[in-house]
Amino acid sequence: MNAHRIRLAASSAEGAAALRAVGASERDGCLRSPDTLASSFIAGGPRLVLLAKLPLLRGLARSVAERLLPGSYWFELARVKHMDAILRAELGRGARQFVLLGAGFDSRAYRFAGELADIGTFEVDHPAIAALKRERLRTTFGRLPGHVRYVDVDLESDDLGLRLGQAGYRRDLRTVVQGNPFGTPGFDQWVTQIMTGTYVGPRTRFTTTPGPTENRNYYVSVVFNAQPAVNPFDLCDKKTWTTAPAKRPIVVRAAFCILGREQSAVAGYLDQATGPDDPNFTALVHDLTVQLFPYVLPVPFGRPDFG
C-alpha cells in the first residue's frame, strides 16, 4: 500500500470514528451510538473531523456530514449497532475467538473488554494504520489493553493465515478417521497429528475431539482401505464404512465437508509402509491434506503452491 492509500485509509477510519462520536451524543437512546470511545481516536488539529471531538459542535458536525455524504451518518450508527448485536449473539452461542479484519479505529474490542477477557481477540490491519491506532490507544488508556492481539498485515505481500497463526489464532476441525491399516493403537491420532502439522492457511488443529473453536458445519472424513471401495464424494454422508484391518497397498480416501456436502475430495495410494511413523505414510497423509485444502500463496498471478 503506497503512502497516498495509507493516508486515505487513515482518513476513512478517522471519519467513521467521527460519525460514531457524534452519534454518541444523540438524545434519543434508540438512535444513540454505543461507541463512547470513538472520539478518542480523533486527533487534534484544524480539521473538519475535530468538530466531532467537541460536544458543543457535534450537531454541526452531523449537518456537515449529511451535506457532504447524505446518509453516511445514519448508516454508521446503524452499522455499529448491528455489528455490536452480532458480536453479542456470537458470544452468547459460545464463540471463543474474535477476529476484526480491517480494524481501523473500531473500538469494539475495548467496549466489550469484559465479555472478551477470556476470548481470543485479534485486530488485523495494515501496519501503518495499526501503529497509528496503538499510539492513540496508549494515549487513551496509558497502555495497550492486554486482551487484544494486534496482527499487522499488508495483504499485498503478507500471508494473513500465517500472521494470524503466529499471533495465536487457531481453529479445531472435526476429523473422522475410519480404518487402521497397521492395527496400531491410537492410529487416528497419528493421522490427525500429521494433518495438523501440514500448513493449510490459518492454524488448524485436525482432531477427533474438537473444542469450542470448532465450526460444527465443517468436518473432514478420512477412510483407509474401505471394503468395498468407496467414492470420496460419498464420504460426507456420515456413514460407518467397512474397512480391511491390514491390507497392502494402503488406499485412502478423504473429503472436506460443509453442511454434509463435499467441498473437495481426494484419494491416495501407498504400496508399502511399516507403520504410521513411516516417512512414506507421513508423506501420504501430508499430500492428502494439501490436496484437500490447496493453498494459494499471495504472489503474482496467484501461483498455487502444493509443497
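Residues being of a type in the set (G, A, S) and part of a loop (DSSP other than H, G, I, E, B): count how many of those fall in region 196-243.
Taking region 196-243 and keeping what is of a type in the set (G, A, S), we get 197, 201, 211, 221, 226, 229.
With the extra rule that they be part of a loop (DSSP other than H, G, I, E, B), the set shrinks to 197, 201, 211, 229.
Result for region 196-243: 4.
Only one of (1) buried (at least 16 other Cβ atoms within 10 Å of the Cβ); (2) in a strand (DSSP E or B); (3) of a type outside the set (S, T, N, Q) is not met by Y269, so which one is it?
Answer for Y269: the failing condition is (1).
Name the residue that is farthest from R163 (Cα to Cα), counting only residues in region 62-102 that are part of a helix (DSSP H, G or I) and small (G, A, S). Full working, then the answer.
We begin by selecting, within region 62-102, every residue part of a helix (DSSP H, G or I); these are 62-68, 72-92.
Retained after the next criterion (residues that are small (G, A, S)): 63, 65, 72, 78, 85, 89, 92.
Numbers: S63: 41, A65: 37, S72: 33, A78: 31, A85: 28, A89: 27, G92: 27 Å.
Looking at residues that are part of a helix (DSSP H, G or I) and small (G, A, S), I get S63.
Within the set of pairs 6+ apart or on separate chains, which have a first residue in region 198-220 that is surrounded by 17 or more Cβ atoms within 10 Å (Cβ to Cβ), a second that is of a type in the set (G, A, S) and part of a strand (DSSP E or B), and C-beta atoms under 8 Å apart?
Filtered contacts from region 198-220: V220/A254; V220/A255.
Of everything in region 221-252, what is surrounded by fewer than 17 Cβ atoms within 10 Å (Cβ to Cβ), over 18 Å from P276 (Cα atoms) and of a type in the set (A, V, I, L, M, F, W, C)? Give them in sequence order.
Residues satisfying the conditions are A229, F233.
Look at R174 and say whether it is of a type in the set (D, E, K, R), under 20 Å from A103 (Cβ atoms) and not in a loop (DSSP other than H, G, I, E, B).
On the way: of a type in the set (D, E, K, R): yes; under 20 Å from A103 (Cβ atoms): no; not in a loop (DSSP other than H, G, I, E, B): yes.
So R174 does not fit the description; no.
The conditions are (1) at pLDDT 95 or above; (2) touching a strand residue (DSSP E or B) at 6+ places or on another chain (Cβ under 8 Å); (3) of a type outside the set (A, V, I, L, M, F, W, C), and R111 fails exactly one of them. Which is it?
Going through (1) at pLDDT 95 or above; (2) touching a strand residue (DSSP E or B) at 6+ places or on another chain (Cβ under 8 Å); (3) of a type outside the set (A, V, I, L, M, F, W, C) one by one, R111 breaks only (2).
If you take the residues of region 111-135 that are in a helix (DSSP H, G or I) and surrounded by fewer than 18 Cβ atoms within 10 Å (Cβ to Cβ), which of them is nearest to the chain's Cα centre (by Cα)? Lay out the reasoning, then the answer.
So in region 111-135, the residues in a helix (DSSP H, G or I) come out as 111, 127-135.
From what's left, surrounded by fewer than 18 Cβ atoms within 10 Å (Cβ to Cβ): 127-128, 131, 134-135.
Numbers: P127: 18, A128: 21, A131: 21, R134: 21, E135: 25 Å.
In this case the residue turns out to be P127.
Of the residues D287, D277, which is touching a residue at least 60 places away in the same chain (Cβ under 8 Å), surrounded by fewer than 20 Cβ atoms within 10 Å (Cβ to Cβ) and closer than 24 Å to P185 by Cα? So that I can check it myself, show each step before the final result.
Details: D287 fails: touching a residue at least 60 places away in the same chain (Cβ under 8 Å).
Step by step, each of D287, D277 is checked, and only D277 is touching a residue at least 60 places away in the same chain (Cβ under 8 Å), surrounded by fewer than 20 Cβ atoms within 10 Å (Cβ to Cβ) and closer than 24 Å to P185 by Cα.
Taking the condition of being over 20 Å from Q97 (Cα atoms) and touching a Ser or Thr at 6+ places or on another chain (Cβ under 8 Å), how many residues in region 138-162 meet it?
Within region 138-162, the first condition is being over 20 Å from Q97 (Cα atoms), and the residues that meet it are 138-143, 154-158.
Checking which are touching a Ser or Thr at 6+ places or on another chain (Cβ under 8 Å) leaves us with 139-140.
Going through region 138-162 one residue at a time, the tally reaches 2.
Determine, yes or no, whether V151 is assigned by TED's automatic domain parsing to the domain that holds L100 and surrounded by 19 or more Cβ atoms within 10 Å (Cβ to Cβ). I'd like the intermediate steps shown before the answer.
Working: assigned by TED's automatic domain parsing to the domain that holds L100: yes; surrounded by 19 or more Cβ atoms within 10 Å (Cβ to Cβ): yes.
Criteria met by V151.
Based on what the data block shows, is D188 in contact with a strand residue (DSSP E or B) (Cβ under 7 Å, 6 or more places away or on another chain) and in a helix (DSSP H, G or I)? Quick ask: steps written out before the conclusion?
Values: in contact with a strand residue (DSSP E or B) (Cβ under 7 Å, 6 or more places away or on another chain): yes; in a helix (DSSP H, G or I): yes.
For D188, the condition - in contact with a strand residue (DSSP E or B) (Cβ under 7 Å, 6 or more places away or on another chain) and in a helix (DSSP H, G or I) - is met.
Looking at G183 and the list (1) on the phi < 0 side of the Ramachandran plot; (2) in a loop (DSSP other than H, G, I, E, B), which single condition is not satisfied?
(1)
The values are calculated or read from the model by the stated rules, or taken from the named source; none is laboratory data. Note that the structure is a prediction, hence the values are computed from the model and not measured. Cβ atoms come from the backbone with ideal geometry, glycine included; neighbour counts cover every protein chain shown.
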